[in-house]
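*Asks:* Once you've had a glance at the structure underneath, I'll fire off some questions.
The values are calculated or read from the model by the stated rules, or taken from the named source; none is laboratory data. If you're wondering where the values come from, they're calculated on a predicted model, not measured in any experiment. In this analysis, Cβ positions are derived from the backbone assuming ideal geometry, glycine residues included, and neighbour counts consider all displayed protein chains.
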Amino acid sequence: MDTENNKLKILFLCTGNSCRSQMAEGWTRELKSNVIEPYSAGIEAYGLNPNAQKVMKEVGIDISGQESKHVDTFKDLSFDYVVTVCGHAHEQCPVFSGGAKVIHVGFDDPPALAANAKTEEEGLKMYRGVRDEIRDFVKILPHALRA
C-alpha cells in the first residue's frame, strides 16, 4: 500500500489496453478514488476503443483522456495488486517487482461480443453489459481482492 497517500495501487491489465482495462480504470477513478490509485495497461497497446469511450460517457465517465499503455510503461512502479481482466493477459502476465498480488477477474471482450451485431445499437448493448459487470466488480473493491 502506498504509505504516502494510503491508497492501494492497482493495475488493471488486459491484452490491448483498449477497452476492459480502460473501463476498469475509469470506474475505479469514479467510484473508489478515495482508497485506490488505479492504472491500466496491456500486454500490447491498441489505442482507446471508441465504443468503450462512448458507453462510459453515457454513465457520466469520460475516459477519453486516458491513454492505451504497454505494461512495460509501469515496470518501475510497485503495485499492491495486478488485476488481469482477460485470459490472454492472465496467461502472459509479467512478474512485477514489489510483490504485487495477481488476481484474475475475467470479463468478456466487448468487440468480440459485438462482432456479429446487426446494428450499432445492438453492438453497443454488448459494450454496456460488460461496462456494467466491471462497475459491479469495482463497487466491491478493495474487499474483493482480499477474499
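*Asks:* Out of the residues in the range 63-88 that are under 13 Å from CYS19 (Cα atoms) and without any contact (Cβ under 8 Å) to a residue 24 or more places away in the chain, state the one that is farthest from the chain's Cα centre (by Cα).
*Replies:* Among residues in the range 63-88 that are under 13 Å from CYS19 (Cα atoms) and without any contact (Cβ under 8 Å) to a residue 24 or more places away in the chain, the one farthest from the chain's Cα centre (by Cα) is SER64.
*Asks:* Something else now. Would you check which residues across the range 74-103 are among the hydrophobic types (A, V, I, L, M, F, W, C), in a loop (DSSP other than H, G, I, E, B) and surrounded by 13 or more Cβ atoms within 10 Å (Cβ to Cβ) and list them?
*Replies:* Filtering the range 74-103 for residues among the hydrophobic types (A, V, I, L, M, F, W, C) gives 74, 77, 79, 82-83, 85-86, 89, 93, 95-96, 100, 102-103.
Imposing the further condition that a residue be in a loop (DSSP other than H, G, I, E, B) reduces the set to 77, 79, 85-86, 93, 95-96, 100.
LEU77, PHE79, VAL85, CYS86, CYS93, PHE96, ALA100 - these are the residues of the range 74-103 that are among the hydrophobic types (A, V, I, L, M, F, W, C), in a loop (DSSP other than H, G, I, E, B) and surrounded by 13 or more Cβ atoms within 10 Å (Cβ to Cβ).
*Asks:* Considering only the range 54-61, I want to know if a residue exists there that is modelled with pLDDT of 95 or more, touching a helix residue (DSSP H, G or I) at 6+ places or on another chain (Cβ under 6 Å) and closer than 16 Å to ALA144 by Cα.
*Replies:* Here is the first cut: in the range 54-61, the residues modelled with pLDDT of 95 or more are 54-61.
Next cut, touching a helix residue (DSSP H, G or I) at 6+ places or on another chain (Cβ under 6 Å) only: 55-56, 61.
If we keep only those that are closer than 16 Å to ALA144 by Cα as well, we get none.
No: zero hits.
*Asks:* Given the conditions (1) part of a loop (DSSP other than H, G, I, E, B); (2) farther than 24 Å from ASN6 by Cβ; (3) at pLDDT 95 or above; (4) not acidic (Asp, Glu), report the number of the one that GLY106 does not fulfil.
*Replies:* GLY106 satisfies every listed condition except (3).
*Asks:* Only residues that are under 15 Å from GLN53 (Cα atoms) and either among the hydroxyl-bearing types (Ser, Thr, Tyr) or without any contact (Cβ under 8 Å) to a residue 12 or more places away in the chain (or both): list them for the range 107-130, please.
*Replies:* GLU120, GLU121, LYS125, TYR127
*Asks:* A further question on this structure: For GLY26, state whether it is of a type outside the set (Asp, Glu) and assigned to a loop (DSSP other than H, G, I, E, B). So that I can check it myself, show each step before the final result.
*Replies:* Details: of a type outside the set (Asp, Glu): yes; assigned to a loop (DSSP other than H, G, I, E, B): no.
Against the criterion (of a type outside the set (Asp, Glu) and assigned to a loop (DSSP other than H, G, I, E, B)), GLY26 does not qualify.
*Asks:* Please verify whether the range 120-140 includes one or more residues that are of a type in the set (A, V, I, L, M, F, W, C), outside any helix (DSSP H, G or I) and modelled with pLDDT of 95 or more.
*Replies:* First, the residues of the range 120-140 that are of a type in the set (A, V, I, L, M, F, W, C): 124, 126, 130, 134, 137-138, 140.
Filter once more, keeping what is outside any helix (DSSP H, G or I): 140.
Going one step further and asking which of them are modelled with pLDDT of 95 or more, we end up with 140.
Within the range 120-140, one or more residues are of a type in the set (A, V, I, L, M, F, W, C), outside any helix (DSSP H, G or I) and modelled with pLDDT of 95 or more.
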